[in-house]
Amino acid sequence: MATLEGCRCRGASGRNNNNSSSILYSILKSNSLASAEEEEMQQQQQRRQDQDQQQTLQHLLHKSATSAPASAHELRAQACSCGSTRRRGVLRTPQVTCKAASAVLVKTLRFVKNVPCFRELPEDDQLVLIRSGWAPLLVLGLAQDRVDFETTETVEPSMLQRILTGLPDRESDGPAGHSRGAAGVSVVEIEAIKAFLRKCWSVDISTKEYAYLKGAVLFNPDLEGLRCLHYIQSLRREAHQALKEHVRLIHREDTTRFAKLLIALSMLRAISPLVVAQLFFKPVIGTVNIEEVLMEMFYGK
């Protein structure tokens, strides 16, 4: 059994214990703890704790909320007959889906907190990794918990319609077109998320495989400003190696399984965090500064 000594950051030089089982121990230990806590949620005290966390999340989200986006009916009424609009979608049951996403976010942050290797990193590196990884980790959690969702297509006024009706230019309202005036998110972006979920479910990813995938996502060395860059690189390699070894031992006859999991990872990395925030949190509570919410929940800042 590996010890937590192998998880300690050895500074910017990236020198660390060569015991490749450190990441297995850390991630699986975290995943086991998360599973145990989920079972204990049946007890009154645990249920109260999770409810309090979700209430805190909703409270924090509402602090930065703005007015709700225009309804689909209103936007369709503004659409011109030429059809010069961009296809966009909104959640069919936003209250239900956003509640499920909030619960997965709470569980995701708990998982990260329970990974010893992550806790050993400098706080600055932790912040960088959380800001980069919260969205793909959340979508992975949605896949693991089999949280499905339905959307309905809406329309966005064209530039001509905005000029004629006096609506603000959505490109001037926020980055990447995710503005206060925009309704929903691109149908293409929604389909990318749903395609990833279908991929995970078709492969029937196991609990251990999800844990290794989370480790590969969390320890992302391709980010600027990391102090323990080489150590985080080693953790990413160990996560991939652990996943590959697990697949080799458990799925000997499926020679393509590891490649399928890598494809799923590539699909996950293509999903925009802005889209995740826009789709799963904005519909019922308005514009959200998701980073402030994450920092408040994770560090109480």
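Answer yes or no as to whether residue 216 is surrounded by 23 or more Cβ atoms within 10 Å (Cβ to Cβ) and either modelled with pLDDT under 95 or of a type in the set (Gly, Ala, Ser) (or both).
Working: surrounded by 23 or more Cβ atoms within 10 Å (Cβ to Cβ): yes; either modelled with pLDDT under 95 or of a type in the set (Gly, Ala, Ser) (or both): yes.
The answer is yes for residue 216.
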Number of positions in the range 244-275 that are more than 20 Å from the chain's Cα centre (by Cα), of a type in the set (A, V, I, L, M) and buried (at least 18 other Cβ atoms within 10 Å of the Cβ): 1
Neighbours by Cβ (under 8 Å, 6+ apart or cross-chain): first from the range 200-224, more than 18 Å from residue 269 (Cβ to Cβ); second outside any helix (DSSP H, G or I) and basic (Lys, Arg): 201/146
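For residue 278, are the conditions met, namely being buried (at least 17 other Cβ atoms within 10 Å of the Cβ) and among the polar types (S, T, N, Q)? Talk me through it step by step, then tell me what you get.
Working: buried (at least 17 other Cβ atoms within 10 Å of the Cβ): yes; among the polar types (S, T, N, Q): yes.
In short, yes.
So which helices (runs of 4 or more DSSP H) stay within the range 184-294 end to end and still have 1 or more residues that are of a type in the set (D, E, K, R)? Before the answer, list the steps.
Details: elements: 187-203, 207-218, 229-250, 257-269, 273-280, 282-285.
It comes to 187-203, 207-218, 229-250, 257-269, 282-285.
For every residue, the table says whether it meets (1) among the aromatic types (Phe, Trp, Tyr); (2) crowded, with 21+ Cβ neighbours inside 10 Å; (3) in contact (Cβ under 8 Å) with a residue 12 or more places away in the chain.
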{"site": "95", "(1), (2), (3)": "no, no, yes"}
{"site": "111", "(1), (2), (3)": "yes, yes, yes"}
{"site": "121", "(1), (2), (3)": "no, yes, yes"}
{"site": "127", "(1), (2), (3)": "no, no, yes"}
{"site": "137", "(1), (2), (3)": "no, yes, yes"}
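The values are calculated or read from the model by the stated rules, or taken from the named source; none is laboratory data. Model, not experiment: these values are computed from the prediction. All Cβ positions, even for glycine, are placed from backbone atoms using ideal geometry, and neighbour counts span all protein chains on display.
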